[in-house]
Amino acid sequence: MSEFPQYRARRLRRTAALRNLVRETHLAATQLVLPVFVRDGEKLRRAVQSMPGVSQTSVDEMLRDAEAAAKAGVGGIILFGVPETKDASGSAAWDDKGAVQTAVRALKQEIPELVVITDVCMCEYTDHGHCGVLRDGEVDNDATLELLSRAALSHARAGADIVAPSDMMDGRVKAIRSSLDGSGFGQVSILSYAAKYASAFYGPFREAAESAPQTGDRRGYQMDPGNAREAMREVLADINEGADAVMVKPAGPYLDIVARVKAETGYPVAAYQVSGEYAMICAAADRGWIEKDRVMMESLLGIRRAGADFIVTYFATEAANQL
Ligand code: PBG
């Protein structure tokens, strides 16, 4: 590398045209995935207080949001269900007539160009709010695998392109892969939330999905925020079990993990810019402390630069409209 004064980094920063020519990372609308919260009913739209612009909607209203996303060029949508009734095992999760399953069928029919991903987890469906069945106050890993498989299978029957387990049980990818394959859904992909941290940044989501644990927390199954090498073990385990793509979550505070997963596996990597990341940007912008659009785009570009191939973000439609 040449030295100053031969090397002058500023030469290529002088104009937008020069900067565009040498830009290393690009963000495209097709790389964004919009999360939505669906529940039973009609013409229903309930704003989530801690997430401006985000609502729980009935399937008909969700379709309006999905149309706007597709029109903006957004690549995909990820569905979370808010059931009317919850029980100890979360049985509404595999109800073929549930809001998520109905939403998948409607999306496949009306907006076939959007990739449809379903979140597979028990926490929205259990009355205790944990991501699996409880035994002696702890989530019973192996008993939960069967329930997750039922939910994933029900999403596949509805027509989901990708199922995304977010529960952090050990062995769930293997269990889900074998039940999908055993039922003729070998073509359905698995995006595993492979490195999902026990994060305080999920706070607003739990209001949106009505999924806060009634007692205790999720540290017994989600990852400790201090761990990076363990994230690689989690990711490799999921890949060995058959994950087609892996996700790191949250995104912004865990960009080192995103970079490492991409570099060390070469697999498709997703990153989830979670509810707390979204809420912080919205709140600061609302106070006039930061410029919302620029911070939004910069946060997404940073996640791409770290190595994410695609990003799950509540900003998906808004950002896509700017691209
Ligand atoms: C379900 C799940 C959570 C999120 C995605 N799937 C919540 C949690 O683990 O508590 C968080 C998403 C967000 O904060 O935007 N287990």
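Suppose we filter segment 182-216 for residues that are more than 9 Å from the ligand (Cβ to nearest atom) and within 21 Å of P253 (Cβ to Cβ); how many remain? First the steps, then the outcome.
Step one: of segment 182-216, the residues more than 9 Å from the ligand (Cβ to nearest atom) are 182-192, 194-195, 197, 200, 207, 210, 214-216.
Narrowing the set further to residues that are within 21 Å of P253 (Cβ to Cβ) leaves 191-192, 194-195, 197, 200, 207.
Residues in segment 182-216 being more than 9 Å from the ligand (Cβ to nearest atom) and within 21 Å of P253 (Cβ to Cβ): 7 in total.
Scan (1) within 16 Å of the ligand (Cβ to nearest atom); (2) at pLDDT 95 or above; (3) within 19 Å of L34 (Cα to Cα) for the single condition E110 breaks and write down its number.
(1)
Every residue in segment 113-137 that is near the ligand (Cβ under 10 Å from one of its atoms) and either within 16 Å of A69 (Cα to Cα) or outside any loop (DSSP other than H, G, I, E, B) (or both), please.
Matches in segment 113-137: D119, V120.
Which ones in segment 251-279 are outside any strand (DSSP E or B), open to solvent by less than 50 Å² (accessible area, probe 1.4 Å) and either among the acidic types (D, E) or within 15 Å of the ligand (Cβ to nearest atom) (or both)?
Scanning segment 251-279 gives A251, G252, Y254, V274, S275, G276, E277, Y278, A279.
A quick yes/no check of all residues on (1) surrounded by fewer than 16 Cβ atoms within 10 Å (Cβ to Cβ); (2) more than 14 Å from the ligand (Cβ to nearest atom); (3) farther than 19 Å from D167 by Cα:
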position	(1), (2), (3)
G76	no, yes, yes
E84	yes, yes, yes
V139	no, no, no
L147	no, no, no
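Looking at (1) open to solvent by 40 Å² or more (accessible area, probe 1.4 Å); (2) away from the ligand (no atom under 16 Å from the Cβ); (3) within 18 Å of the chain's Cα centre (by Cα), find the lone condition where R287 falls short.
(3)
Take R64 and decide whether it is within 16 Å of the ligand (Cβ to nearest atom) and either basic (K, R) or over 26 Å from G98 (Cα atoms) (or both).
When the stated conditions are applied, R64 does not pass them.
Among the residues of segment 180-215, what is the count of those that are assigned to a loop (DSSP other than H, G, I, E, B), open to solvent by less than 70 Å² (accessible area, probe 1.4 Å) and under 17 Å from G90 (Cβ atoms)? So that I can check it myself, show each step before the final result.
At the first step, the residues of segment 180-215 found to be assigned to a loop (DSSP other than H, G, I, E, B) are 183-188, 198-199, 209-215.
Within this subset, residues satisfying the condition of being open to solvent by less than 70 Å² (accessible area, probe 1.4 Å) are 183-186, 188, 198-199, 209, 211-213.
Now narrow it down to the ones that are under 17 Å from G90 (Cβ atoms): 209, 211-213.
Here the count works out to 4.
Identify, please: which residue in segment 76-128 is of a type in the set (A, V, I, L, M) and more than 26 Å from F310 (Cβ to Cβ) and is, among those, farthest from the chain's Cα centre (by Cα)? Write out each step before concluding.
Pass one, segment 76-128, residues of a type in the set (A, V, I, L, M): 77-79, 82, 88, 92-93, 99-100, 103-104, 106-107, 111, 114-117, 120, 122.
The next check asks that each one be more than 26 Å from F310 (Cβ to Cβ); those that pass are 88, 92.
On the way: A88: 25, A92: 21 Å.
If we take residues in segment 76-128 being of a type in the set (A, V, I, L, M) and more than 26 Å from F310 (Cβ to Cβ), then A88 is farthest from the chain's Cα centre (by Cα).
Kindly indicate whether any position in segment 233-250 is under 30 Å from R45 (Cβ atoms), outside any helix (DSSP H, G or I) and not aliphatic (A, V, I, L, M). Let's see the steps before the verdict.
Kept after step one, since they are under 30 Å from R45 (Cβ atoms), are these residues of segment 233-250: 247, 249-250.
Filter once more, keeping what is outside any helix (DSSP H, G or I): 247, 249-250.
Checking the rest, the ones that are also not aliphatic (A, V, I, L, M) come to 249-250.
Yes, that holds for at least one residue.
Considering only residues that are out of contact with any helix residue (DSSP H, G or I) (no Cβ under 6 Å at 6 or more places or on another chain) and assigned to a helix (DSSP H, G or I), look in segment 216-231 and name the one that is nearest to R39 (Cα to Cα).
Among those that are out of contact with any helix residue (DSSP H, G or I) (no Cβ under 6 Å at 6 or more places or on another chain) and assigned to a helix (DSSP H, G or I), it is E230.
Select from segment 149-173 the residues that are under 15 Å from the mean Cα position of the chain (by Cα) and within 15 Å of the ligand (Cβ to nearest atom) and list them in ascending order.
Of everything in segment 149-173, those that are under 15 Å from the mean Cα position of the chain (by Cα) and within 15 Å of the ligand (Cβ to nearest atom) turn out to be I162, V163, A164, P165, S166, D167, M168.
Would you pick out the residues in segment 149-179 that are of a type outside the set (A, V, I, L, M), open to solvent by 20 Å² or more (accessible area, probe 1.4 Å) and not in a loop (DSSP other than H, G, I, E, B)?
Listed by number, the residues that qualify are R150, R157, K174, R177, S178, S179.
The values are calculated or read from the model by the stated rules, or taken from the named source; none is laboratory data. Because the structure is a prediction, the values reported are computed rather than measured. Every residue, glycine among them, receives a Cβ derived from its backbone with ideal geometry; neighbour counts consider all protein chains shown. Ligands, DNA and RNA are stripped out before the accessible areas are found, and what is left, the full protein with its side chains, is counted by its heavy atoms. Shrake-Rupley method; radii C 1.70, N 1.55, O 1.52, S 1.80 Å.
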